[in-house]
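Everything below concerns the one structure shown next.
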Amino acid sequence: MPLILKPTHIKLEKIDELDVRNRMVSIVHGLGIMFFSGYHFYKMPGQCGDPNTLFEKRLAYCSIGYFFYDFAALGYYGLVDQAMTIHHMICIIGMS
């Protein structure tokens, strides 16, 4: 799949193109989670210390699933390094 809005005169190496595609998926995930979290914050407010609602649990499950996917994709494409490994493990364990 070609990159959207990429200027035609720019030639990216394969590894850089894979990195850009992975970042586009990250941006879509981040915007989606931000949108749904903002909706929840303004439309269904709760108190600090309340048990998590089903909506909150689903947002967390979505993010945990994304971090599993992202870590696997980074490994598959050869983009993973020690910092990304630590970052993804902290996110997965912390949200779990």
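Things worth noting here:
- Ratio of Rg to Rh over region 15-95 (Cα coordinates, Kirkwood Rh, two decimals): 1.05
- Its Cα centre serving as origin, the chain has a Cβ charge dipole (Lys and Arg +1, Asp and Glu -1) of approximately 260 debye.
- The GluC sites (Glu not before Pro) of region 1-93 that DSSP puts in a loop, and whose beta carbon has at most 15 other beta carbons within 10 Å, are E13.
- Geometric extent, Cα atoms of region 31-73 - Rg, Dmax (angstrom): 12.0, 37
Rule-based calculations on the coordinates, nothing more; no lab input. Owing to the predicted nature of the structure, the values given are computational and were not obtained by experimental measurement. Heads up, the Cβs are rebuilt from the backbone with ideal geometry, glycines too, and the neighbour counts pull from every protein chain shown.
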